[in-house]
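Accompanying notes for the structure given below.
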Amino acid sequence: MTTWLLTGGAGYIGAHVARDLLASGRQVVVLDDLSAGHRDRVPADAAFVEASVLDTDAVRAALTSYDVTGVIHLAAKKAVGESVEKPLLYFRENVGGMTSLLQAMADAGTRCLVYSSSAAVYGEPPWSPISEDTPCAPLSPYGQTKLIGEWMVRDEAAARPLSWVALRYFNVAGAGSPELGDTSANNLIPMVFDALDRGEAPQVFGSDYPTADGSCVRDYIHVSDLSEAHVAAAALAESGDVAAIFNVGTGTGASVWEVMASVSDVVGRDIGAVAVERRAGDPPELVASVDRISGELGWAASRDLRDMVASAWAARG
Ligand code: WQD
(Lines give C-alpha, C1' and ligand atoms only; values in the text may rest on other atoms or scores of the structure.)
Protein backbone atom coordinates (compact mmCIF):
# COMPACT_ATOMS: atom_id res chain seq x y z
CA MET A 1 0.00 0.00 0.00
CA THR A 2 1.63 3.22 -1.10
CA THR A 3 0.68 6.75 -0.04
CA TRP A 4 0.61 9.72 -2.37
CA LEU A 5 0.43 13.38 -1.41
CA LEU A 6 -1.38 15.65 -3.87
CA THR A 7 -0.42 19.32 -3.77
CA GLY A 8 -3.40 21.29 -5.04
CA GLY A 9 -5.48 18.15 -4.55
CA ALA A 10 -8.64 20.11 -3.70
CA GLY A 11 -8.71 21.66 -7.17
CA TYR A 12 -10.51 20.74 -10.39
CA ILE A 13 -7.95 18.18 -11.60
CA GLY A 14 -6.74 17.21 -8.13
CA ALA A 15 -10.20 16.16 -6.95
CA HIS A 16 -10.39 13.69 -9.84
CA VAL A 17 -6.87 12.37 -9.23
CA ALA A 18 -7.52 11.87 -5.50
CA ARG A 19 -10.54 9.70 -6.28
CA ASP A 20 -8.75 7.62 -8.89
CA LEU A 21 -5.71 7.08 -6.67
CA LEU A 22 -7.99 5.85 -3.84
CA ALA A 23 -9.79 3.59 -6.31
CA SER A 24 -6.41 2.14 -7.31
CA GLY A 25 -5.86 1.03 -3.70
CA ARG A 26 -3.42 3.79 -2.72
CA GLN A 27 -3.72 6.06 0.29
CA VAL A 28 -4.08 9.79 -0.39
CA VAL A 29 -3.07 12.94 1.45
CA VAL A 30 -4.34 16.21 -0.02
CA LEU A 31 -2.28 19.31 0.71
CA ASP A 32 -4.01 22.47 -0.43
CA ASP A 33 -4.17 26.09 0.79
CA LEU A 34 -7.75 26.36 -0.57
CA SER A 35 -6.83 29.57 -2.43
CA ALA A 36 -8.49 28.04 -5.51
CA GLY A 37 -9.46 24.55 -4.35
CA HIS A 38 -12.61 23.50 -2.50
CA ARG A 39 -12.47 21.62 0.84
CA ASP A 40 -15.68 19.75 0.03
CA ARG A 41 -14.02 18.20 -3.02
CA VAL A 42 -11.53 16.28 -0.88
CA PRO A 43 -12.72 12.67 -0.62
CA ALA A 44 -13.66 11.46 2.89
CA ASP A 45 -11.07 8.66 2.64
CA ALA A 46 -8.24 11.11 2.00
CA ALA A 47 -6.27 12.91 4.69
CA PHE A 48 -6.29 16.68 4.37
CA VAL A 49 -3.57 19.20 5.24
CA GLU A 50 -4.44 22.87 4.80
CA ALA A 51 -1.13 24.41 3.80
CA SER A 52 0.65 26.11 0.94
CA VAL A 53 3.28 24.20 -1.01
CA LEU A 54 5.45 27.25 -0.29
CA ASP A 55 5.47 26.30 3.41
CA THR A 56 8.40 23.88 3.28
CA ASP A 57 8.10 22.94 6.94
CA ALA A 58 4.43 22.03 6.54
CA VAL A 59 5.11 19.98 3.42
CA ARG A 60 8.03 18.19 5.06
CA ALA A 61 5.92 17.42 8.14
CA ALA A 62 3.13 15.99 5.99
CA LEU A 63 5.55 13.85 3.96
CA THR A 64 7.09 12.46 7.12
CA SER A 65 4.02 11.98 9.26
CA TYR A 66 2.08 10.17 6.52
CA ASP A 67 5.15 8.22 5.31
CA VAL A 68 4.50 9.45 1.77
CA THR A 69 5.79 7.35 -1.14
CA GLY A 70 5.32 9.99 -3.80
CA VAL A 71 3.96 13.40 -4.59
CA ILE A 72 1.66 14.47 -7.41
CA HIS A 73 2.41 18.17 -7.77
CA LEU A 74 -0.64 20.00 -9.11
CA ALA A 75 -0.57 23.23 -7.08
CA ALA A 76 0.24 26.16 -9.36
CA LYS A 77 -1.12 29.36 -10.83
CA LYS A 78 -2.29 28.56 -14.36
CA ALA A 79 -3.87 31.57 -16.09
CA VAL A 80 -1.74 32.50 -19.08
CA GLY A 81 -3.04 36.08 -19.30
CA GLU A 82 -2.56 36.72 -15.58
CA SER A 83 1.00 35.45 -15.82
CA VAL A 84 1.77 38.16 -18.38
CA GLU A 85 0.34 40.85 -16.09
CA LYS A 86 1.91 39.45 -12.89
CA PRO A 87 5.07 37.48 -13.81
CA LEU A 88 6.61 37.72 -10.35
CA LEU A 89 3.48 36.15 -8.81
CA TYR A 90 3.87 33.21 -11.20
CA PHE A 91 7.58 32.77 -10.59
CA ARG A 92 7.07 32.97 -6.83
CA GLU A 93 4.13 30.53 -6.77
CA ASN A 94 5.16 28.08 -9.47
CA VAL A 95 8.96 28.10 -9.37
CA GLY A 96 9.10 28.92 -5.66
CA GLY A 97 6.53 26.22 -5.02
CA MET A 98 8.59 23.64 -6.85
CA THR A 99 11.73 24.70 -4.97
CA SER A 100 9.94 24.33 -1.65
CA LEU A 101 8.44 20.98 -2.59
CA LEU A 102 11.69 19.47 -3.82
CA GLN A 103 13.48 20.64 -0.67
CA ALA A 104 10.82 19.08 1.55
CA MET A 105 10.95 15.84 -0.46
CA ALA A 106 14.75 15.68 -0.20
CA ASP A 107 14.57 16.27 3.57
CA ALA A 108 11.88 13.62 4.02
CA GLY A 109 13.48 11.13 1.60
CA THR A 110 10.36 11.00 -0.60
CA ARG A 111 11.40 9.19 -3.76
CA CYS A 112 8.60 9.56 -6.35
CA LEU A 113 7.16 12.57 -8.16
CA VAL A 114 4.49 13.11 -10.82
CA TYR A 115 4.56 16.71 -12.04
CA SER A 116 1.75 18.64 -13.69
CA SER A 117 3.42 20.30 -16.66
CA SER A 118 1.72 21.80 -19.70
CA ALA A 119 1.55 22.00 -23.47
CA ALA A 120 2.25 25.67 -22.82
CA VAL A 121 5.96 24.74 -22.66
CA TYR A 122 5.91 24.38 -26.46
CA GLY A 123 4.76 27.92 -27.19
CA GLU A 124 3.93 28.07 -30.91
CA PRO A 125 5.52 24.83 -32.15
CA PRO A 126 6.86 24.57 -35.71
CA TRP A 127 4.68 21.55 -36.48
CA SER A 128 1.65 19.57 -35.28
CA PRO A 129 1.08 17.03 -33.84
CA ILE A 130 3.69 17.87 -31.24
CA SER A 131 6.05 15.21 -29.91
CA GLU A 132 7.86 15.56 -26.60
CA ASP A 133 11.12 16.10 -28.50
CA THR A 134 9.76 19.28 -30.05
CA PRO A 135 11.86 22.30 -29.05
CA CYS A 136 10.22 24.13 -26.14
CA ALA A 137 9.81 27.89 -26.50
CA PRO A 138 7.09 29.01 -24.07
CA LEU A 139 5.41 32.32 -24.92
CA SER A 140 4.16 33.26 -21.45
CA PRO A 141 5.62 33.45 -17.96
CA TYR A 142 3.17 30.66 -17.10
CA GLY A 143 4.62 28.38 -19.76
CA GLN A 144 8.15 29.35 -18.70
CA THR A 145 7.43 28.38 -15.08
CA LYS A 146 6.18 24.97 -16.24
CA LEU A 147 9.33 24.36 -18.28
CA ILE A 148 11.59 25.57 -15.45
CA GLY A 149 9.79 23.10 -13.19
CA GLU A 150 10.76 20.28 -15.53
CA TRP A 151 14.39 21.42 -15.50
CA MET A 152 14.38 21.58 -11.68
CA VAL A 153 13.02 18.04 -11.35
CA ARG A 154 15.53 16.70 -13.87
CA ASP A 155 18.46 18.37 -12.08
CA GLU A 156 17.29 17.25 -8.63
CA ALA A 157 17.01 13.67 -9.89
CA ALA A 158 20.62 13.89 -11.05
CA ALA A 159 21.66 14.83 -7.51
CA ARG A 160 19.60 12.42 -5.42
CA PRO A 161 17.33 9.38 -5.87
CA LEU A 162 14.13 10.71 -7.46
CA SER A 163 11.86 8.74 -9.78
CA TRP A 164 9.77 11.23 -11.76
CA VAL A 165 7.21 11.65 -14.51
CA ALA A 166 6.20 15.01 -15.99
CA LEU A 167 2.80 15.17 -17.69
CA ARG A 168 2.33 17.89 -20.33
CA TYR A 169 -1.40 18.55 -20.24
CA PHE A 170 -3.15 19.71 -23.36
CA ASN A 171 -6.59 21.31 -23.07
CA VAL A 172 -8.43 19.83 -20.10
CA ALA A 173 -12.25 19.84 -20.11
CA GLY A 174 -15.29 18.03 -18.77
CA ALA A 175 -16.08 16.61 -15.33
CA GLY A 176 -16.04 13.13 -13.86
CA SER A 177 -19.23 13.93 -11.96
CA PRO A 178 -21.57 16.95 -11.64
CA GLU A 179 -19.94 18.20 -8.43
CA LEU A 180 -16.43 18.24 -9.91
CA GLY A 181 -16.78 20.81 -12.70
CA ASP A 182 -14.11 23.31 -13.69
CA THR A 183 -14.87 26.47 -11.72
CA SER A 184 -11.90 28.43 -13.05
CA ALA A 185 -13.81 29.80 -16.07
CA ASN A 186 -10.51 30.61 -17.75
CA ASN A 187 -10.96 28.17 -20.60
CA LEU A 188 -13.09 27.87 -23.71
CA ILE A 189 -15.93 25.64 -22.54
CA PRO A 190 -16.61 27.39 -19.20
CA MET A 191 -16.36 30.74 -21.02
CA VAL A 192 -18.97 29.61 -23.57
CA PHE A 193 -21.30 28.54 -20.77
CA ASP A 194 -20.80 31.87 -19.00
CA ALA A 195 -21.74 33.72 -22.20
CA LEU A 196 -24.90 31.61 -22.51
CA ASP A 197 -25.78 32.28 -18.86
CA ARG A 198 -25.49 36.02 -19.60
CA GLY A 199 -27.70 35.63 -22.67
CA GLU A 200 -24.79 36.62 -24.91
CA ALA A 201 -23.40 35.04 -28.07
CA PRO A 202 -20.28 32.98 -27.42
CA GLN A 203 -17.26 34.39 -29.25
CA VAL A 204 -14.84 32.65 -31.59
CA PHE A 205 -11.50 34.40 -31.14
CA GLY A 206 -10.47 34.61 -34.76
CA SER A 207 -11.83 32.80 -37.80
CA ASP A 208 -8.99 33.60 -40.21
CA TYR A 209 -6.35 31.15 -39.00
CA PRO A 210 -4.66 28.74 -41.43
CA THR A 211 -6.85 25.84 -40.30
CA ALA A 212 -9.63 23.86 -41.99
CA ASP A 213 -12.44 26.16 -40.76
CA GLY A 214 -10.33 29.19 -39.84
CA SER A 215 -10.62 28.79 -36.07
CA CYS A 216 -7.91 27.54 -33.71
CA VAL A 217 -7.45 23.83 -33.21
CA ARG A 218 -6.69 22.33 -29.80
CA ASP A 219 -6.34 18.85 -28.31
CA TYR A 220 -9.13 18.65 -25.72
CA ILE A 221 -8.67 15.93 -23.10
CA HIS A 222 -11.36 14.80 -20.65
CA VAL A 223 -10.33 15.43 -17.06
CA SER A 224 -11.22 11.82 -16.20
CA ASP A 225 -8.83 10.54 -18.89
CA LEU A 226 -6.18 12.94 -17.60
CA SER A 227 -6.75 11.72 -14.04
CA GLU A 228 -6.31 8.10 -15.09
CA ALA A 229 -3.02 9.07 -16.72
CA HIS A 230 -1.82 10.31 -13.31
CA VAL A 231 -2.49 6.92 -11.70
CA ALA A 232 -0.58 5.19 -14.47
CA ALA A 233 2.27 7.71 -14.06
CA ALA A 234 2.35 7.12 -10.30
CA ALA A 235 2.60 3.37 -10.84
CA LEU A 236 5.45 3.92 -13.30
CA ALA A 237 7.31 6.19 -10.86
CA GLU A 238 6.87 3.58 -8.10
CA SER A 239 8.30 0.88 -10.36
CA GLY A 240 11.89 2.09 -10.28
CA ASP A 241 14.29 4.84 -11.24
CA VAL A 242 12.20 6.64 -13.83
CA ALA A 243 12.72 9.93 -15.68
CA ALA A 244 9.92 10.52 -18.19
CA ILE A 245 7.98 13.28 -19.92
CA PHE A 246 4.63 12.54 -21.59
CA ASN A 247 2.15 14.59 -23.56
CA VAL A 248 -1.36 13.98 -22.28
CA GLY A 249 -3.95 14.49 -25.00
CA THR A 250 -6.11 12.54 -27.41
CA GLY A 251 -3.87 13.01 -30.45
CA THR A 252 -6.87 14.48 -32.26
CA GLY A 253 -7.60 18.18 -32.71
CA ALA A 254 -10.92 19.99 -32.52
CA SER A 255 -11.53 23.53 -33.76
CA VAL A 256 -13.31 26.24 -31.82
CA TRP A 257 -16.20 26.06 -34.31
CA GLU A 258 -16.40 22.31 -33.70
CA VAL A 259 -16.56 22.90 -29.94
CA MET A 260 -19.32 25.45 -30.48
CA ALA A 261 -21.23 22.93 -32.61
CA SER A 262 -20.85 20.32 -29.88
CA VAL A 263 -22.22 22.74 -27.29
CA SER A 264 -25.21 23.48 -29.56
CA ASP A 265 -25.76 19.73 -29.86
CA VAL A 266 -25.62 19.19 -26.09
CA VAL A 267 -27.86 22.16 -25.15
CA GLY A 268 -30.28 21.31 -27.95
CA ARG A 269 -30.23 24.62 -29.80
CA ASP A 270 -27.94 26.74 -31.98
CA ILE A 271 -25.94 28.80 -29.48
CA GLY A 272 -25.27 31.44 -32.15
CA ALA A 273 -21.51 31.74 -31.72
CA VAL A 274 -19.99 34.71 -33.54
CA ALA A 275 -16.48 35.27 -34.89
CA VAL A 276 -14.57 38.22 -33.42
CA GLU A 277 -10.97 39.38 -33.68
CA ARG A 278 -8.13 37.09 -32.77
CA ARG A 279 -6.85 36.85 -29.16
CA ALA A 280 -3.15 37.71 -28.88
CA GLY A 281 -0.82 34.78 -28.41
CA ASP A 282 -3.04 31.98 -29.72
CA PRO A 283 -1.17 29.48 -31.90
CA PRO A 284 -3.33 28.21 -34.80
CA GLU A 285 -2.96 24.55 -33.82
CA LEU A 286 -1.78 22.60 -30.77
CA VAL A 287 -2.35 18.85 -31.03
CA ALA A 288 -0.42 16.22 -29.05
CA SER A 289 1.49 13.31 -30.43
CA VAL A 290 0.52 10.56 -27.98
CA ASP A 291 2.79 7.81 -29.30
CA ARG A 292 5.12 7.94 -26.29
CA ILE A 293 2.44 7.81 -23.57
CA SER A 294 0.59 4.98 -25.29
CA GLY A 295 3.80 3.04 -25.95
CA GLU A 296 5.55 3.54 -22.60
CA LEU A 297 2.64 4.10 -20.19
CA GLY A 298 0.02 1.99 -21.95
CA TRP A 299 -2.49 4.83 -21.57
CA ALA A 300 -4.91 6.28 -24.14
CA ALA A 301 -7.84 8.64 -23.83
CA SER A 302 -11.25 6.97 -24.10
CA ARG A 303 -13.65 9.94 -23.94
CA ASP A 304 -14.52 12.25 -26.83
CA LEU A 305 -15.40 15.91 -27.24
CA ARG A 306 -19.11 15.32 -26.73
CA ASP A 307 -18.39 13.51 -23.45
CA MET A 308 -16.41 16.55 -22.33
CA VAL A 309 -19.06 19.10 -23.33
CA ALA A 310 -21.98 17.07 -21.95
CA SER A 311 -20.25 16.37 -18.61
CA ALA A 312 -19.17 20.01 -18.30
CA TRP A 313 -22.72 21.19 -19.04
CA ALA A 314 -24.10 18.84 -16.37
CA ALA A 315 -21.50 20.13 -13.88
CA ARG A 316 -21.82 23.88 -14.45
CA GLY A 317 -22.42 25.82 -11.27
C1 WQD B 1 -8.80 27.42 -26.38
C2 WQD B 1 -9.13 28.01 -27.74
C3 WQD B 1 -8.96 30.40 -27.85
C4 WQD B 1 -12.43 31.29 -25.28
C5 WQD B 1 -5.08 26.48 -22.21
C6 WQD B 1 -4.72 27.06 -20.90
C7 WQD B 1 -3.26 26.83 -20.59
C8 WQD B 1 -2.90 25.40 -20.80
C9 WQD B 1 -3.27 24.95 -22.21
C10 WQD B 1 -2.84 24.20 -18.72
C11 WQD B 1 -8.17 29.14 -28.12
C12 WQD B 1 -10.38 29.94 -28.09
C13 WQD B 1 -11.39 30.67 -25.98
C14 WQD B 1 -13.47 31.93 -25.99
C15 WQD B 1 -12.44 31.28 -28.05
N16 WQD B 1 -3.52 24.60 -19.84
N17 WQD B 1 -11.41 30.67 -27.34
N18 WQD B 1 -13.44 31.90 -27.36
O19 WQD B 1 -5.40 29.10 -24.79
O20 WQD B 1 -5.36 26.70 -25.60
O21 WQD B 1 -4.59 27.28 -23.25
O22 WQD B 1 -4.67 25.17 -22.37
O23 WQD B 1 -1.66 24.18 -18.59
O24 WQD B 1 -3.08 27.18 -19.24
O25 WQD B 1 -4.97 28.44 -20.97
O26 WQD B 1 -7.03 27.37 -23.91
O27 WQD B 1 -9.43 27.39 -23.39
O28 WQD B 1 -8.12 29.59 -23.32
O29 WQD B 1 -8.63 28.54 -25.49
O30 WQD B 1 -12.43 31.28 -29.30
O31 WQD B 1 -14.44 32.50 -25.41
O32 WQD B 1 -10.42 28.60 -27.68
O33 WQD B 1 -8.62 31.46 -28.74
O34 WQD B 1 -7.93 29.05 -29.52
P35 WQD B 1 -5.57 27.66 -24.49
P36 WQD B 1 -8.35 28.27 -23.95
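The values are calculated or read from the model by the stated rules, or taken from the named source; none is laboratory data. The shown structure was predicted, so the numbers you read here are calculated from the model rather than taken from an experiment. FYI the Cβ positions are ideal-geometry reconstructions off the backbone, even for glycines, and counts take in every protein chain you see. Heavy atoms of the whole protein, side chains included, go into the accessibility calculation; ligands, DNA and RNA do not. Shrake-Rupley method; radii C 1.70, N 1.55, O 1.52, S 1.80 Å.
Express the carbon and sulfur contribution to the solvent-accessible surface of region 113-237 as a percent, rounded to the nearest whole number, probe 1.4 angstrom.
Values: 2410 of 4460 Å².
That fraction is 54 percent.
First obtain the Kirkwood hydrodynamic radius of region 240-295 from its Cα pairs, then insert it into the Stokes-Einstein equation at 20 °C and 1.002 mPa s, and state the resulting D in µm² per second as a whole number.
Values: Rh = 14.5 Å.
The diffusion coefficient I find is 148 µm²/s.
Could you work out how far apart the two model spin labels at Asp40 and Arg279 are, taking each label as a point 7 Å from the Cα in the direction of the beta carbon, and quote it in nm?
It works out to 2.9 nm between the two label points.
Which value in Å is the Kirkwood Rh of region 7-148 over different Cα pairs?
Values: mean 1/r = 0.0632 Å⁻¹.
For region 7-148, the Kirkwood estimate is 15.8 Å.
Just to confirm the number: angle between the C-alpha axis of helix 96-108 and the first principal axis of the chain, 0 to 90 degrees, nearest 10?
Helix 96-108 sits roughly 30 degrees off the main axis of the chain.
Could you grab the Rg to Rh ratio for region 164-302? Cα atoms only, Kirkwood for Rh. Could you put the intermediate results ahead of the total?
Numbers: Rg = 16.8 Å, Rh = 16.4 Å.
Expressed as Rg/Rh, it is 1.02.
Can you give the calculated 222 nm mean residue ellipticity of the chain, where each DSSP H run of n ≥ 4 adds -39,500 (n - 2.57) and the sum is split over every residue, rounded to the nearest 500 deg cm²/dmol? Let's see the in-between values first.
Numbers: 10 runs with 114 residues, N = 317.
Mean residue ellipticity, 222 nm, calculated: -11000 deg cm²/dmol.
Report the Cα centroid-to-centroid distance between region 139-177 and region 54-92 in angstrom, as an integer.
Taking the Cα centre of each part, region 139-177 and region 54-92 sit 12 Å apart.
Please find the FRET efficiency linking Met191 to Ser239, where r is the Cβ-Cβ separation and R0 is fixed at 45 Å, and quote it to the nearest 0.05.
Numbers: r = 40 Å, r/R0 = 0.88.
It comes out at approximately 0.70.
For the chain, modelled as a GNM with alpha-carbon contacts under 10 angstrom, which of Val192, Val121, Val17 fluctuates the most?
Val192
Roughly what percent of Cα-Cα pairs across the chain reach past 29 Å? Show your work: numbers first, answer last.
Numbers: 16554 of 50086 pairs.
Above the 29 Å cut-off, the chain has 33 percent of its Cα pairs.
Tell me, Kirkwood radius of region 70-221 from alpha-carbon pair distances, in Å?
On the way: mean 1/r = 0.0575 Å⁻¹.
Hydrodynamic radius (Kirkwood, Cα pairs) of region 70-221 is 17.4 Å.
Once phi is turned into ³J(HN,Hα) by the Karplus curve 6.51 cos²θ - 1.76 cosθ + 1.60 with θ = phi - 60°, what whole-Hz value does each residue of region 254-263 show in order, with x for glycine and proline?
9, 8, 4, 4, 5, 5, 4, 5, 5, 5
Quick one: putting +1 on the C-beta of Lys and Arg, -1 on the C-beta of Asp and Glu, what dipole do you get for the chain around its Cα centre, in Debye to the nearest 20?
Numbers: 23 positive and 41 negative charges, 64 e Å.
Computed charge dipole of the chain: roughly 300 debye.
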